[in-house]
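The values are calculated or read from the model by the stated rules, or taken from the named source; none is laboratory data. None of these values were measured; they are calculated from a predicted model. All Cβ positions, glycine included, derive from the backbone under ideal geometry; neighbour counts span all protein chains shown.
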Amino acid sequence: MAELRIQNAVKVLMEPHRQFRLEIRELKLSPGDRIAILGPTGSGKTTAMDLLALAGLPTSADLFELRDERGGVLDLRNIRSDSALAKLRARHFGYVLQSNPLFSFMTIRENCGLSQMVSGRVDRPFVDQLLGALDLADASESRVSTLSVGQRQKLAVGRALAHRPQFVLCDEPTAALDSGSADALIAMLVRLAGAAGSCVVIITHDQALPRKHGFDIYRMHPITTTMRGSRLLPEKMRSS
Amino acid sequence: MIGLRLSLQFVRRRPLALIVPAVAVAGCLIPIMIIWSLKAGYVEPLITELQSNPRNLEVRLRGDRTLTAADIAAMISLPGIGYIAPTTRGLALRVFVGRPGELSQSDASLLPSSAGDPLLQALEPPAGDTVIVTRDVVRDLGLKIGDMLEVRAIRYDAGDILRIPLRVTGELAPATLAGRRLLVQQSIILDIEDFVDGYAVPAHNVGGRPPSERPRTFANARIYADKLESVTPLVRALEDLGNVPESDEAAIASALALQSGTAMLALIFALTLSIGAAISVWSALGQALIPQKRVVALFRLMGGTRFDVVAFVALIDLCIMLSALLIASAGYTVARLLIESRFHIEVHLPLQQAIATAVAVVAAALIIGMAFAYSFMAIDMKEALSNET
């Protein structure tokens, strides 16, 4: 299974009226890991997600590498090609977002299988298996407009896992759900990702939920520089 | 190929999203096609007929007057002159024609003709023993090419008849020259005038006053401009020489105005409606695709390439335009049948222009599709993530 390693990475956002510095001292995403990133709004959680998702590269880093299943090491700092990064994202990453956009003209099954289509790993029986596990099998040929918010999140979990990624990145996946549904969704995510040996990273405001499901907690700590910024540090305390 | 598969799914599942803008574009295309067809099928043939028929180049001089060789030379030197053939006074041009040896005859008019006469078109000019006749003469006398006819002129004071046998070598269509007319060499007309006026005509063994006593002048002339645009200036120039010319210049001017008017109208319609069609497609694409923007951002985040996004947008756009072409073709056919049956006007879109329309539509589709695809290509995949830092 693949591993993502980051050491002393800095991401500086220099946009008009918006300057921000994110520091990640050390972060290792290994198979089966469960990591939660906590922090207040505006603390840079999504910037951290951009880096982890390979949607953006760090401004500087001592180490930013991906070790694949065969032991090969890929120094991500040197990749400048958009299509090379796209291939890596398609192969290794799954995404569950806060408001999960779905292709409205596709059925539930097709949306679930989209990540397979993009990664080229088409496995229809696995899509059906996932839809069954997510309790969406009966509606698999329906349009996504028929789904409730909770069902949409479930479908997003299915889509994120359908191509068996090594890393499942979740950006506030339970923000739109009540506490019961949120708990059930995370439990389902952890169970399905765990069965596949995937590493799950969750960005959330909710402290209790990740602790309950055995996530390692990382927090965004404010740093004092000439610009606004945060440093991502482990809480050093494994939740139960 | 993922982009193509996505767009095919879109097209299959959202046919209304294609049909509605396609109908809007077709609504813009049909009037363009009809105006173009009216121009090509009705106005242009009218103009072509006007330009190709030499009769429209004619400038007639009203009444007979005395034209000396100097007068004729002055006319020949006028700019825009295509052909000029001096004639005798009208009385000498009116003769009878019949078959040789037959009593039945018809009255007819003679016109002098020679090489360069625009009425001849592909025909050889008449020689001293040949004649070119109009269809009315052919019909009245039951002639065919190669037959002989006889031109008969009467010297009324003596009751003598001059008979000139001529072989028919050509026939003029009524559109070129109507009525009972004969195109003959100028010398024949001069002989007839001499005969009518009592002068001797040695070529036909007719006695009379010596021709040398006769001052040689002309009474009129057949005048043709070199092209349609020269007719009006030539009329003015002839007026300046003291003549009273008349022509079809008003009709020509109206037809030319109609031509430029329809061309301008077609251009304005084409421009306006093309802009309308482009806006329709753009807004239709926006309505269909902008709601998909966030999921496209996620698609990019998931590893979809820019090419996939471009293919997705461009194929949808192409489907809209091809549907529009089909609907427009059907609508145009119906409109054409209605116009032809109700107004009896021929509406015809030549193949070349139909192909040009299709090519223009596909090119416009590609330009609009590419512009839209570019805006989609620029979607930042981070838009899929939440907006906080």
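What the table shows:
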{"item": "Helices (runs of 4 or more DSSP H) enclosed by region A:99-145 - at least 3 residues per element that are closer than 22 Å to B:Val296 by Cα and within 19 Å of the chain's Cα centre (by Cα)", "result": "A:114-119"}
{"item": "Selection within region B:1-22 - away from chain A (no Cβ under 11 Å) and buried (at least 18 other Cβ atoms within 10 Å of the Cβ)", "result": "B:Leu18, B:Pro21, B:Ala22"}
{"item": "Selection from region B:83-130 of residues that are more than 20 Å from B:Asp147 (Cβ to Cβ) and among the acidic types (Asp, Glu)", "result": "B:Asp117"}
{"item": "Residue identified as within 14 Å of chain A (Cβ to nearest Cβ) and touching a residue at least 12 places away in the same chain (Cβ under 8 Å) among B:Asp317, B:Asp380", "result": "B:Asp380"}
{"item": "Selection count, region A:137-177, where residues are basic (Lys, Arg) and closer than 13 Å to A:Tyr95 by Cβ", "result": "1"}
{"item": "So B:Val347, is it more than 10 Å from chain A (Cβ to nearest Cβ), assigned to a loop (DSSP other than H, G, I, E, B) and either in contact (Cβ under 8 Å) with a residue 24 or more places away in the chain or hydrophobic (A, V, I, L, M, F, W, C) (or both)", "result": "yes"}
{"item": "Test: residue in region A:109-122 that is without any contact (Cβ under 8 Å) to a residue 40 or more places away in the chain, surrounded by fewer than 17 Cβ atoms within 10 Å (Cβ to Cβ), more than 8 Å from chain B (Cβ to nearest Cβ) and among the β-branched types (Val, Ile, Thr)", "result": "yes"}
{"item": "Checklist (1) of a type in the set (A, V, I, L, M, F, W, C); (2) over 15 Å from A:Leu102 (Cα atoms); (3) within 14 Å of chain A (Cβ to nearest Cβ) applied to B:Ala270, failing item", "result": "(3)"}
{"item": "Matching residues in region B:58-77 - criterion: being assigned to a loop (DSSP other than H, G, I, E, B) and touching a residue at least 40 places away in the same chain (Cβ under 8 Å)", "result": "B:Arg62, B:Gly63, B:Asp64, B:Arg65, B:Thr66, B:Thr68"}
{"item": "Number of positions in region A:18-36 that are within 12 Å of another protein chain (Cβ to nearest Cβ) and either in a loop (DSSP other than H, G, I, E, B) or closer than 11 Å to A:Ala48 by Cα (or both)", "result": "2"}
{"item": "Qualifying residue in region A:175-192 (condition: buried (at least 24 other Cβ atoms within 10 Å of the Cβ), part of a helix (DSSP H, G or I) and not polar (S, T, N, Q))", "result": "yes"}
{"item": "Verdict on B:Thr176 being in a loop (DSSP other than H, G, I, E, B), closer than 29 Å to B:Val133 by Cβ and among the polar types (S, T, N, Q)", "result": "yes"}
{"item": "Where B:Val334 falls short, out of the listed (1) in contact with a helix residue (DSSP H, G or I) (Cβ under 6 Å, 6 or more places away or on another chain); (2) of a type outside the set (D, E, K, R); (3) without any contact (Cβ under 8 Å) to a residue 12 or more places away in the chain", "result": "(1)"}
{"item": "A:Ala86 surrounded by fewer than 23 Cβ atoms within 10 Å (Cβ to Cβ), within 11 Å of chain B (Cβ to nearest Cβ) and of a type in the set (Gly, Ala, Ser)", "result": "yes"}
{"item": "Residue selected from region B:350-379 under the condition out of contact with any Lys or Arg (no Cβ under 8 Å at 6 or more places or on another chain) and not in a helix (DSSP H, G or I), by the criterion farthest from B:Ala17 (Cα to Cα)", "result": "B:Pro350"}
{"item": "Criterion violated by B:Arg55 - all others in (1) in contact (Cβ under 8 Å) with a residue 12 or more places away in the chain; (2) more than 22 Å from B:Lys227 (Cα to Cα); (3) among the charged types (D, E, K, R) satisfied", "result": "(2)"}
{"item": "Residue count for region A:40-76, restricted to those that are in contact with an Asp or Glu (Cβ under 8 Å, 6 or more places away or on another chain), outside any helix (DSSP H, G or I), charged (D, E, K, R) and over 17 Å from A:Pro165 (Cα atoms)", "result": "1"}
{"item": "Strands (runs of 3 or more DSSP E) wholly inside region B:78-131 that include at least 1 residues being among the β-branched types (Val, Ile, Thr), at pLDDT 90 or above and farther than 19 Å from B:Ile164 by Cβ", "result": "B:81-87"}
{"item": "Inter-residue pairs, beta-carbon under 8 Å, first surrounded by fewer than 21 Cβ atoms within 10 Å (Cβ to Cβ) and in region B:80-95, second part of a loop (DSSP other than H, G, I, E, B) and aliphatic (A, V, I, L, M), 6+ apart", "result": "B:Arg89/B:Ala219; B:Gly90/B:Ala219"}
{"item": "Tabulated pairs, region A:65-94, first among the polar types (S, T, N, Q), second at pLDDT below 90, C-beta under 6 angstrom, 6+ apart or interchain", "result": "A:Ser83/B:Thr305"}
{"item": "Residue pairs meeting the criteria (Cβ under 8 Å; at least 6 apart or on separate chains; first closer than 25 Å to B:Gln292 by Cβ, in region B:351-373; second among the small types (Gly, Ala, Ser) and surrounded by fewer than 15 Cβ atoms within 10 Å (Cβ to Cβ))", "result": "B:Phe372/B:Gly286"}
{"item": "Given (1) within 24 Å of A:His205 (Cβ to Cβ); (2) at pLDDT below 90, number of the condition A:Gly94 does not satisfy", "result": "(2)"}
{"item": "Out of A:Asp33, A:Asp50, sole residue that is acidic (Asp, Glu), buried (at least 20 other Cβ atoms within 10 Å of the Cβ) and either under 15 Å from the mean Cα position of the chain (by Cα) or farther than 21 Å from A:Ser115 by Cβ (or both)", "result": "A:Asp50"}
